[in-house]
Number of protein chains: 2
Amino acid sequence: MSGSSAEDDLIARHFAPLAGAAGLGLRDDAALLQAPDGCDLVVTCDALVGGVHFFVDDPAGAIAKKALRVNLSDLAAKGAQPIGFLLALALPPKFDESQLVDFAHGLGEDARAFACPLVGGDTVSTPGPLTIAITAFGSVPHGRMIPRTGVQPGDLLHVTGSIGDAALGLEMRRRGEFLAASLDAATRNELLDRYLLPRPRLALQSALREFAHAAMDVSDGLIGDLSKMLRVSGLSARVRLADVPLSSAARALIAVEPDLCDLALTGGDDYEILVATPPGKTEAFARAAQAAGVAVSVIGEATADRHAPLFADAEGRARSFARGSYSHL
Amino acid sequence: MSGSSAEDDLIARHFAPLAGAAGLGLRDDAALLQAPDGCDLVVTCDALVGGVHFFVDDPAGAIAKKALRVNLSDLAAKGAQPIGFLLALALPPKFDESQLVDFAHGLGEDARAFACPLVGGDTVSTPGPLTIAITAFGSVPHGRMIPRTGVQPGDLLHVTGSIGDAALGLEMRRRGEFLAASLDAATRNELLDRYLLPRPRLALQSALREFAHAAMDVSDGLIGDLSKMLRVSGLSARVRLADVPLSSAARALIAVEPDLCDLALTGGDDYEILVATPPGKTEAFARAAQAAGVAVSVIGEATADRHAPLFADAEGRARSFARGSYSHL
């Protein structure tokens, strides 16, 4: 881990305690990494910017957790077991030491919870907003990374958990008291929390490795990401929107403001996993996911067409979406 | 490589052509990486911020090259052969497409020149300055990464190339016409270019692996970085400042303005390598470095003391430095 002299002090005080063995105490220019024998190393990189991907007044510990978790979500979608991560942190002048303590504390909690230690990085200053780029490493048995491009015609398309909560939580943050004033506090907090803290579906990794043809994490909206996965696989799909899983909190908010249904489907920050399984493996996959404690829902099937996926509403009418994908705050 | 829909288009147009095989065409959430059989994977991460680590009006292609090269310099110091890199890019609104084309073009030139392909990353928008975090991967034969912490008492301390050129080039940028007006254009350009474009000393890798106890890249000023390497090794050193290699361009500028000598020694952005070799291997190391086309100079020796390194000037007088390390622009 590197930085100037003042930055070295910060690193030593706040980040060195989070370092895994591969990080060499964060005292070197570089770290050493190795996937276990017989495994491939999977690497992914996601960056978050204050005012774009989080609110600058979010708690610093939650920002740190989000930055790590969006990367863990990518590893989860690839069927990979986390190994460690690098942190590139650009600190604005007004980010004070107490915030840095909170940031490091939150990061450390998640590094332990997900068994994914800090192995190195860089700390710099910026005149702009807090910016966090994390590179996360994971391992999969050799040749078993789940690709985005592997969808086959006839595959069933599943999605984990529930869709739209985070986008609705973000909309509540944006519109403040005016939105969802009639909802109870627990419902509101559930949506706000889904925006603040993604829940990477790492528990699904063995089910994915056993049964999935393809997977990706849903970070930029279900409609856009599903379209992307089919496009890179050279296929299309039929999707039943009524089968897209919505939480009771999302249903409650959409009942008050029905227009928000589209936002749930196209908004971002779900960090759920979209999975394609061969039809014969669907039940076995569903059982394995259930055993892992992850809800999965079938929302459609892949077809051997080249056009964009077809979306049907509850009455079977074709739906299209002006904005397939999401561009954050 | 990930990004929103608009960002995907940018990636496809400008960055996918730079992708190595491990990057899976930048169409997946993650990349697969592997060190060659019998090798360890070395990872390093350095971030650059506009207005901090480069001038926002520097050519975009040169900014891209600098961002990659500062990481390659870390790999060089570890005796590692580059394998590939991840790019996390935060783009300000005023960074237009022609600048992005230049950025990708410069990055591609260096990716080819250093045989270090793009394997993935993330592109996001920022209300702040252009921010580039690169994670670079390299390989070393198993167990042979050159550590920062391996200095032994009696080791000779070498530094590659010449020290201070980049810091002097930066000072010229800052002070404009007033500084160095009496110097010829070639001298001025040499110093400016050393600031703009680091020259990673990758050619030194086999000499380092064969002969070095310890090494680090000099990025935050020779005095500060040398002190850091000795401190993490639990040692001290005697250093002869008159033996620190200065280019003829640096000497010419210092002749005009003698006070700048300290800036050359403490300023940053050298991206040279500081190396500790056992005394019996010094000549063999020097020959191997010469064969690799990299100049090296002995500047002192490590001692079994715990105090800060001792610096002596040309007359043998002790020197101390108010500012051991450097904090960029």
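The values are calculated or read from the model by the stated rules, or taken from the named source; none is laboratory data. Quick caveat, the model's predicted, so the values are computed rather than measured. Using ideal geometry, Cβ is built from the backbone for each residue, glycine included, and neighbour counts are taken over all protein chains shown. When the accessible area is computed, the model is the full protein with side chains, heavy atoms only, and any ligands, DNA or RNA have been set aside. Shrake-Rupley method; radii C 1.70, N 1.55, O 1.52, S 1.80 Å.
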Tally of residues being farther than 22 Å from residue A:197 by Cβ and either of a type outside the set (A, V, I, L, M, F, W, C) or open to solvent by 30 Å² or more (accessible area, probe 1.4 Å) (or both) across the stretch A:255-280 = 11
Helices (runs of 4 or more DSSP H) (entirely within the stretch B:171-245) containing at least 1 residues that are within 14 Å of chain A (Cβ to nearest Cβ) = B:205-211, B:222-232
Would you pick out the residues in the stretch A:149-169 that are farther than 21 Å from residue A:292 by Cβ and open to solvent by less than 10 Å² (accessible area, probe 1.4 Å)?
-> A:151, A:164, A:166, A:167, A:168, A:169
When you scan the stretch A:116-128, how many residues do you find that are free of Cβ contacts under 8 Å to residues at least 60 places away in the same chain, surrounded by fewer than 23 Cβ atoms within 10 Å (Cβ to Cβ) and more than 8 Å from chain B (Cβ to nearest Cβ)?
-> 0
Does residue A:293 satisfy being of a type outside the set (D, E, K, R), in contact (Cβ under 8 Å) with a residue 60 or more places away in the chain, under 17 Å from residue A:151 (Cα atoms) and open to solvent by 10 Å² or more (accessible area, probe 1.4 Å)?
-> no
Is there any pair with a first residue in the stretch B:245-263 that is closer than 12 Å to residue B:179 by Cα and a second that is surrounded by 19 or more Cβ atoms within 10 Å (Cβ to Cβ) whose Cβ atoms are under 6 Å apart and which are 6 or more apart or on different chains, and what are they?
-> B:253/B:168; B:253/B:180; B:254/B:260; B:254/B:261
Among the residues of the stretch A:94-115, is there at least one that is within 14 Å of another protein chain (Cβ to nearest Cβ), over 23 Å from the mean Cα position of the chain (by Cα) and either open to solvent by 30 Å² or more (accessible area, probe 1.4 Å) or at pLDDT below 95 (or both)?
-> yes
Within the bounds of the stretch A:52-73, is there any residue that is open to solvent by less than 10 Å² (accessible area, probe 1.4 Å), more than 10 Å from chain B (Cβ to nearest Cβ), β-branched (Val, Ile, Thr) and not in a loop (DSSP other than H, G, I, E, B)?
-> yes
Single match in A:219, A:248 (criterion: crowded, with 24+ Cβ neighbours inside 10 Å and polar (S, T, N, Q)) = A:219
What's the number of the condition residue A:88 fails, among (1) assigned to a strand (DSSP E or B); (2) in contact (Cβ under 8 Å) with a residue 60 or more places away in the chain; (3) at the interface with chain B (Cβ under 8 Å from one of its Cβ atoms); (4) among the small types (Gly, Ala, Ser)?
-> (2)
Counting only residues that are more than 10 Å from chain B (Cβ to nearest Cβ) and in a loop (DSSP other than H, G, I, E, B), how many does the stretch A:129-149 have?
-> 1
